[in-house]
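The values are calculated or read from the model by the stated rules, or taken from the named source; none is laboratory data. Quantities reported herein were computed from a predicted structural model and do not represent experimental measurements. Backbone-built Cβ (ideal geometry, glycine too); neighbour counts: all protein chains shown. In case anyone asks, the SASA skips ligands and DNA or RNA and just uses the protein heavy atoms, side chains included. Shrake-Rupley method; radii C 1.70, N 1.55, O 1.52, S 1.80 Å.
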Amino acid sequence: MSVPRTARAPFDPHDPLGIDDLLSPEDRAVRDTVRGWAADRVLPHVADWYERGELPSLRELARELGAIGALGMPLTGYGCAGASAVQYGLACLELEAADSGIRSMVSVQGSLAMYAIHRYGSEEQRQEWLPRMAAGEVIGCFGLTEPDHGSDPASMRTRAKRDGSDWVLDGRKMWITNGSVAGVAVVWAQTEDGVRGFAVPTDTPGFSAPEIHHKWSLRASVTSELVLDGVRLPADAVLPGATGLGGPLSCLNHARYGIVWGAMGAARSCFEAALDYATGREQFGRPIAGFQLTQAKFADMAVELHKGILLAHHLGLRMDAGTLRPEQVSFGKLNNVREAIEICRTARTILGANGISLEYPVMRHATNLESVLTYEGTVEMHQLVLGKALTGLDAFRG
Ligand SMILES: Cc1cc2nc3c(=O)[nH]c(=O)nc-3n(C[C@H](O)[C@H](O)[C@H](O)COP(=O)(O)OP(=O)(O)OC[C@H]3O[C@@H](n4cnc5c(N)ncnc54)[C@H](O)[C@@H]3O)c2cc1C
């Protein structure tokens, strides 16, 4: 009896597990659109932006991202694309393969600021902000972290007090992506009823957003302080659907889902740069890719890269099915950002001295990922989330 022969595709070093086969034609179309946009509009310039420590065409880029449906991508209505979680994840991967700063801008816009308004805002707030944010005409930021309160936002000091029917906000937020270019800031503050969120138009008197400079990571990204000095807002500026820390934490969960994918984009870029370099670079009379020690690095990098993408895809399917748990997102963020950094560092060694040059993307990604490791919950916070879920014991307070 003859054994039926199955058609096997040739081994693809860029997709060794055949993960592409898991994607629908629509998924691939989204991925290719975002990849093409990033190749045209980001990759030719990003090393220069990074070196100068600025993102000069941010507003133009935001409108273009709006035009391709990348802002608030998985949200429905109000001009949003209504894409699947997997498609949103693929977009994050492609954006971060260009630069984590661009992906951060998109994550904060869509998964933090727009998501907060979409999920917790009134119909009037949604109508007012979301269509213009989806089009990239208005940039949003998300103010949770404070100078003295990062991992423990429950202790935040920013306050919103009632004055008649108005609210008056006082306090400071720190490390806020998109802060000084935002038209609306979603600001979280203590009130008599616990933490509440506010949609703050950034031209409100008393609001300012000085940009933070001297960063050695996420240099092609705008990061700012938010200063709230007697910011008076009408009663309807509060997001009616969120009371307590669950509101901002659910937004962060959504954004960190995108990071699970995005980090693998930075890692893929470094892997590909190293593979290209190692096949062309010769030492001891042969390409360095031919040395066993270099091949061990490639094998290990590829294993972690594609395991990470599979994990992201798995979480995406769960998000689309409505079964994704926050602990599973912590699992993904903890693993994928940590492994992405390892891949970037290994790639850096393969490029030798050239690995530290901005001529190659490797060091840029590696330094960017240091921020990605810290924001949206540090490694330790996600270890504690998982530790609590695994043991049933809460170790957050020692
Ligand atoms: C480039 C960039 C952009 C950012 N964008 C935003 C934004 O748009 N909006 C926003 O709100 N925030 C933003 N952040 C802030 C980010 O979310 C915080 O930096 C992060 O939550 C960590 O807070 P922290 O820096 O105050 O560190 P800390 O909370 O002070 O932590 C310092 C260290 O102590 C550890 N630690 C703290 N508590 C414990 C514990 N119980 N057990 C063990 N270890 C512990 C931490 O894991 C960490 O290693 C951004 C940060 C960066 C770098």
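With no solvent and one point on each alpha carbon, what is the Debye value of log10 I(q)/I(0) for the stretch 140-244 at q = 0.10, 0.22 Å⁻¹?
-0.25, -1.15
Over the stretch 19-135, with the other protein chains present, what is the accessible area per residue in square angstrom, probe 1.4 angstrom?
With the other protein chains kept in place, the stretch 19-135 gives 37 Å² per residue.
In square angstrom, rounded to the nearest 10, how much accessible surface does Ile343 have for a 1.4 Å probe?
Probe radius 1.4 Å; accessible area of Ile343 about 0 Å².
What shape does the stretch 147-202 have by the C-alpha gyration tensor, where a ≥ b ≥ c are the square roots of the eigenvalues, rounded means a/c under 1.5, and otherwise prolate means a/b greater than b/c and oblate the rest?
Oblate.
Let me know the charge dipole size of the chain about its Cα centre in debye, to the nearest 20, where only the beta-carbon of Lys, Arg (+1) and Asp, Glu (-1) is charged.
Magnitude of the dipole: close to 620 debye.
Could you tell me what percent of the accessible area of the chain is made up of carbon and sulfur, with a 1.4 Å probe and every protein chain present?
53
Size of the dipole of the stretch 247-391 about the Cα centre, Lys and Arg at +1 and Asp and Glu at -1 on the beta carbon, nothing else charged, in debye to 20?
It works out to roughly 140 debye.
Can you give me the angle between helix 379-391 and the longest principal axis of the chain, using Cα atoms only, in degrees from 0 to 90, rounded to the nearest 10?
90
Put +1 on the Cβ of every Lys and Arg and -1 on every Asp and Glu Cβ in the chain; which of Gln125, Gln109, Val138 then has its Cα farthest towards the positive end of the dipole?
Gln109
List the pairs from Lys161/Lys215; Lys161/Lys388; Lys307/Lys388; Lys173/Lys307 whose alpha-carbon separation is above 32 Å, in the order I gave them.
Check vs 32 Å cut-off fails for Lys161/Lys215; Lys161/Lys388; Lys173/Lys307.
Compute the long axis of helix 246-280 from its Cα atoms, compare it with the longest principal axis of the Cα atoms of the chain, and write down the angle in degrees, 0 to 90, nearest 10.
With rounding to tens, the tilt is 30 degrees.
Tell me which of Thr378, Leu390, Gly316 sits at the most positive position along the dipole axis of the stretch 274-398, charges placed on C-beta atoms (Lys, Arg +1; Asp, Glu -1).
My answer, from the dipole projection, is Leu390.
Residue farthest toward the positive end of the dipole of the chain, with Cβ of Lys/Arg at +1 and Asp/Glu at -1: which of Gly332, Gly183, Gln283?
Gln283
Measure off 7 Å from each Cα along the Cα-to-Cβ vector at Glu342 and Gln383, then give the distance between these two points in nanometres to one decimal.
Simple spin-label model gives 1.4 nm for this pair.
Among residues other than Val42 whose Cβ falls under 13 Å from its Cβ, what is the net charge (Lys/Arg +1, Asp/Glu -1)?
-3
Which aspartates and glutamates, on any chain, are close to Lys297 with Cα under 15 Å apart, when same-chain ones fewer than 8 places away are left out?
Glu272, Asp276, Glu339, Glu342
Using a ≥ b ≥ c from the Cα gyration tensor of the stretch 71-154 (square roots of the eigenvalues), is it rounded, prolate or oblate, where a/c under 1.5 gives rounded and otherwise the larger of a/b and b/c decides, a/b for prolate?
Because a/c hits 1.5 or more and a/b fails to exceed b/c, the stretch 71-154 counts as oblate.
What FRET efficiency comes out for the pair Ser208/Thr323, r = Cβ-Cβ distance, R0 = 41 Å, nearest 0.05?
0.45
Helix 85-98: angle to the longest alpha-carbon principal axis of the chain, degrees 0 to 90, nearest 10?
For helix 85-98, the angle is close to 70 degrees.
Below 8 Å between Cα atoms, with a sequence gap of 6+, how large is the relative contact order for the chain in percent?
Value for the chain: 17 percent.
Stokes-Einstein at 4 °C, 1.567 mPa s, Kirkwood radius from Cα pairs: D for the stretch 19-135 in µm² s⁻¹?
Rounded to a whole number, D works out at 89 µm²/s.
For the stretch 140-244, what does the accessible surface come to per residue with a 1.4 Å probe? Please give it in Å².
With all protein chains present, the stretch 140-244 gives 42 Å² per residue.
Can you send over the solvent-accessible area of Phe298, 1.4 Å probe, protein chains only, in Å² to the nearest 10?
20
For the chain, set up a Gaussian network in which alpha carbons nearer than 10 Å are linked by springs, and say which option among Arg196, Arg52, Arg268 fluctuates the most.
Result for the chain, Cα springs under 10 Å: Arg52 fluctuates most.
Mind giving me the nanometre distance, one decimal, between the label points for Asp166 and Asp300, set 7 Å out from Cα along Cα→Cβ?
6.1
Would you please state the base-10 log of I(q)/I(0) at q = 0.20, 0.24 1/Å for the stretch 256-311, with intensities from the Debye formula using one equal scatterer on every alpha carbon?
Here log10 of I(q) over I(0) equals -0.72, -0.90.
For Asp276, what accessible area in Å² do you get when you roll a 1.4 Å probe over the heavy atoms of the protein chains, rounding to the nearest 10?
110
Can you run the Rg to Rh ratio on the chain? Use alpha carbon positions and the Kirkwood inverse-distance Rh.
Computed over Cα atoms, the ratio is 1.00.
With only Lys, Arg, Asp and Glu charged, each at its Cβ (+1 for the first two, -1 for the last two), find how big the charge dipole of the stretch 19-135 is about the Cα centre; round to the nearest 20 debye.
That gives a dipole near 280 debye.
Nearest 0.05, what FRET efficiency do Arg286 and Leu358 give at R0 = 41 Å with Cβ-Cβ as r?
0.90
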